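Take a look at the structure set out below.
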Amino acid sequence: MASVSPYARRFISYLRREQIKRLAASKNRVDGRALDQTREIEIKTGVVKTADGSAEVKLGKTHVIAGVKVGLGQPFPDAPDEGVLVVSAEVLPHASPYTEVGPPDESAIELARVVDRGIRHCGYVDFKKLAVEGGKAYVLWVDLYIINDDGNLVDAANLASVAALKNTQLPAVVKDESGAVKLDRNNKSPLPLETSKVPVAVSVGKIANVLFLDPNFEEELSLDGRVTFTISEDRIVAAQKTLGYFTQPELEAALDLAIKGRDRYLEALKSILGSS
């Protein structure tokens, strides 16, 4: 496991911040994109053969793999008739020059929480259909692996997670000779999903009073503010401000930008969500 050194972030930011801020003030970006433009997106599924579902996402140079493993366990006490979702994130040691070996830091934990929150509250996964007789439930373990961190891990990890869930096959529940329930991994069916309710996380960065989509790593080092909206259909199912502050007009403008980003991400997901 690994984490990103806060000292390294401050050091690299000191060298580049003023240049990036000058560019932002003139509505230009260090990589030449428009303010409302995301980087190129590539999504593949079925990339981990040992998982019950998996996906790989490249958002520019940011590279994330999601794997889903299905198990049986106890439902949460406040949702005894629903399945369970558990999301975790790990930054691999080679993900960036500023990554240090060690346990997941607060940013990795927060990344997993933001992705988890968006999926859990939108209706994309039909958790009611994941309850199993005998007080058991399907448990969906979504593991996120950061292969390369070039900024905006939240959006990339969200895309990888929802694509991996679409790729997931549920093992059938059977009983053994003693009557105990277990999984038959030789007999699988697709995970029940409502693809029209797919949650899409879109992050908006702020430098001074300039807002823009999909901040890359160098831009992240220079941000004065950052907010992530997770949108399902026409609803905001989660909003997370991870840095700085936004005025009410800035939040409204950020949401307008996020809707544009959502449409771009949905276009990239179209072939995945439409596949069987």
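Miscellaneous remarks
- Residue 196 on the phi < 0 side of the Ramachandran plot, not in a strand (DSSP E or B) and not hydrophobic (A, V, I, L, M, F, W, C): yes
- Residue within segment 35-50 that is free of Cβ contacts under 8 Å to residues at least 60 places away in the same chain, within 22 Å of residue 147 (Cα to Cα) and in contact with a Gly (Cβ under 7 Å, 6 or more places away or on another chain) present: yes
- Subset of segment 184-229 (residues that are free of Cβ contacts under 8 Å to residues at least 60 places away in the same chain, over 25 Å from residue 268 (Cα atoms) and of a type in the set (A, V, I, L, M, F, W, C)): 223
- Meets criteria (touching a Lys or Arg at 6+ places or on another chain (Cβ under 9 Å), over 20 Å from residue 196 (Cα atoms) and assigned to a helix (DSSP H, G or I)) for residue 252: no
- When segment 139-171 is limited to residues that are among the small types (Gly, Ala, Ser) and touching a Ser or Thr at 6+ places or on another chain (Cβ under 7 Å), the one that is nearest to residue 61 (Cα to Cα) turns out to be 151.
- Filter result for residue 70 (among the hydrophobic types (A, V, I, L, M, F, W, C), closer than 21 Å to residue 130 by Cα, touching a strand residue (DSSP E or B) at 6+ places or on another chain (Cβ under 7 Å) and surrounded by 21 or more Cβ atoms within 10 Å (Cβ to Cβ)): yes
- Residue in segment 234-251 that is modelled with pLDDT of 95 or more, small (Gly, Ala, Ser) and either buried (at least 21 other Cβ atoms within 10 Å of the Cβ) or farther than 29 Å from residue 106 by Cβ (or both) present: no
- Residues considered: 116, 143, 126. Of these, the only one that is closer than 25 Å to residue 49 by Cα, surrounded by fewer than 24 Cβ atoms within 10 Å (Cβ to Cβ), at pLDDT 90 or above and in contact with a Pro (Cβ under 6 Å, 6 or more places away or on another chain) is 126.
Yes/no matrix, rows are residues, columns are (1) over 13 Å from the mean Cα position of the chain (by Cα); (2) among the aliphatic types (A, V, I, L, M):
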residue	(1), (2)
72	yes, yes
76	yes, no
87	no, yes
92	yes, yes
111	no, yes
114	no, yes
134	yes, no
147	yes, yes
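- Residue within segment 169-183 that is in contact (Cβ under 8 Å) with a residue 12 or more places away in the chain, at negative phi, outside any loop (DSSP other than H, G, I, E, B) and crowded, with 20+ Cβ neighbours inside 10 Å present: yes
- Residues of segment 182-228 that are out of contact with any helix residue (DSSP H, G or I) (no Cβ under 8 Å at 6 or more places or on another chain) and of a type in the set (Ser, Thr, Tyr): 189, 196.
- Only residues that are free of Cβ contacts under 8 Å to residues at least 40 places away in the same chain and either in contact with a Cys (Cβ under 6 Å, 6 or more places away or on another chain) or not in a loop (DSSP other than H, G, I, E, B) (or both) were counted across segment 59-88, and they come to 0.
- Considering segment 37-55, the residues that are β-branched (Val, Ile, Thr) and farther than 15 Å from residue 163 by Cα include one that is surrounded by the most Cβ atoms within 10 Å (Cβ to Cβ), namely 38.
- For the condition aliphatic (A, V, I, L, M), under 28 Å from residue 23 (Cβ atoms) and assigned to a strand (DSSP E or B), residue 201 qualifies.
- A single entry from 67, 46, 53 fulfils the requirement of being at pLDDT 95 or above, touching a helix residue (DSSP H, G or I) at 6+ places or on another chain (Cβ under 6 Å), more than 30 Å from residue 256 (Cβ to Cβ) and of a type outside the set (Ser, Thr, Tyr): 53.
The values are calculated or read from the model by the stated rules, or taken from the named source; none is laboratory data. Everything quoted here is computed from the prediction, not taken from an experiment. Backbone-built Cβ (ideal geometry, glycine too); neighbour counts: all protein chains shown.
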